[in-house]
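Notes to accompany the following structure.
The values are calculated or read from the model by the stated rules, or taken from the named source; none is laboratory data. Bear in mind the structure is a predicted one, so any value in this text is a computation, not a measurement. Cβ sites come from the backbone with ideal geometry, for glycine too, and all protein chains shown count toward neighbours. When the accessible area is computed, the model is the full protein with side chains, heavy atoms only, and any ligands, DNA or RNA have been set aside. Shrake-Rupley method; radii C 1.70, N 1.55, O 1.52, S 1.80 Å.
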Amino acid sequence: MISIRKVAFVSPSWTNWQHRLMAGALRYADAHPRILIRGFAPAHDLETTAGELESWGAEGLYGVLEYDDVNRLLGTLKRRLPMVNSALSAERPGVVTVIGDFSAFVETAVGHLRQLGLRSLAILVLEEGPQVRENLVKTFLRIAKPRNPAKASLVYAADRGALWNPEAPVKPVPRRLAQWLAELPKPAGILCCHLGGGGYIIRCCRALGLRVPEDVAVIGSDDTDLCLASDPTLTSVLLSLETVGFEAMRLLMDMIAGRSPPSATVRLRCADLHVRESTGARRPEICDIAGALECIQEQACRGITVREVIRQTQRVSRVTFHKRFHEIVGKTPAQALRERQLQEVRRLLTGTELPIAMISDLCGFSSPKVLARLFRAAEGTTLRAYRKDR
């Protein structure tokens, strides 16, 4: 009887990136039955995770772990397990790193940025560790050939929480980063290959008053979810992560079977460019009228303005929105807001005994006098008369 091979998929974060790697690993398992893959998602306590996966009986590890996490996890295990890792990490016996070829990432990104006619190109590396400068910075300098190599890179360890959470605050921007961004000749193009790094750069630029992409064009390596969570949306060079996951599992199963890997690091050339707003792509001129109406329905009585409706729901100009809204709805956005407020006023007048002043406040009017004037114009009667007649 053939035994089941158990593989633990370990990652402290689960974005679309990790899910696509897992999909590739599962595709391999589907073609090679009797493989069981289980996900482990430690927040901070890798020691507990190590105990859990050992209790489960894992025979191999597929990780998406960075430098310190790899060492902490393996140092906690009671017995050595073969491991494949799909994140940058230091070479370590028994661990094979399977990642995209960074040269392909840089070549693709630099080729796009050069088309924009920028004055300077640079790379931001948001972690420190063995071989960072050798593998990342030197590769970038060799391919990009920036005019001022000494100023074309910055390496420092950023807080993971600020990277992985697209809404995390960045103020105050770290002094080294703020100075480096300020000194880059503008317009500049910046590459960052770390999870969440592209969105982090965009937020830092905005905090410093730098426009993206007018002053700084940004290219990251995040998957669609984090790219679309950025404002402006992030241009990304993305690996075929399913291919990476498939190849990682193939190597790991060879290691579990006792076969030696071809090398400590396997680099796959499978990079695709996805152009979005952070390097100048325009959003399509499509009005979201349904979204605007939903916003009006829910927030009109909170005093929302037409300008705020546009900001929350639209990706088109104010003029375009007003024109399309009137064509489809048959009234202006301001009229739709006012009608929704008056609708709620009528409901409260007939269904409650609340005083007029409170109704005015609940329905988003600036004062009872303003409500009284607008209500008479719309209904041809006073608020009290309307309530009495109903």
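Which one of these is in contact with a Ser or Thr (Cβ under 9 Å, 6 or more places away or on another chain) and without any contact (Cβ under 8 Å) to a residue 40 or more places away in the chain: Gly189, Gly199, Gly209?
Exactly one residue qualifies, and that residue is Gly199.
Is one or more of the residues making up region 254-262 surrounded by fewer than 19 Cβ atoms within 10 Å (Cβ to Cβ), of a type outside the set (Val, Ile, Thr) and part of a helix (DSSP H, G or I)?
yes
Looking at this structure, is Val173 hydrophobic (A, V, I, L, M, F, W, C), open to solvent by less than 40 Å² (accessible area, probe 1.4 Å), under 24 Å from Ser11 (Cα atoms) and at pLDDT 90 or above?
Criteria not met by Val173.
Here's a check for you: in region 16-34, which residue that is open to solvent by less than 50 Å² (accessible area, probe 1.4 Å) and modelled with pLDDT of 90 or more is nearest to the chain's Cα centre (by Cα)?
Leu21
Tell me whether region 73-85 contains one or more residues that are under 26 Å from the mean Cα position of the chain (by Cα) and either open to solvent by less than 50 Å² (accessible area, probe 1.4 Å) or touching a residue at least 40 places away in the same chain (Cβ under 8 Å) (or both).
Yes, that holds for at least one residue.
Quick one: Thr97 ticks every box in (1) part of a helix (DSSP H, G or I); (2) under 30 Å from Arg5 (Cα atoms); (3) open to solvent by less than 40 Å² (accessible area, probe 1.4 Å); (4) not small (Gly, Ala, Ser) bar one, so which box is it?
Thr97 satisfies all of (1) part of a helix (DSSP H, G or I); (2) under 30 Å from Arg5 (Cα atoms); (3) open to solvent by less than 40 Å² (accessible area, probe 1.4 Å); (4) not small (Gly, Ala, Ser) except (1).
What about Leu184, is it modelled with pLDDT of 90 or more, buried (at least 20 other Cβ atoms within 10 Å of the Cβ) and either closer than 26 Å to Asp68 by Cα or within 19 Å of the chain's Cα centre (by Cα) (or both)?
When the stated conditions are applied, Leu184 does not pass them.
Among the residues of region 123-157, how many are of a type in the set (Phe, Trp, Tyr) and either modelled with pLDDT under 80 or outside any loop (DSSP other than H, G, I, E, B) (or both)?
1
Among the residues of region 35-50, count how many are over 19 Å from Asn85 (Cβ atoms) and surrounded by 14 or more Cβ atoms within 10 Å (Cβ to Cβ).
Total meeting the criteria: 1.
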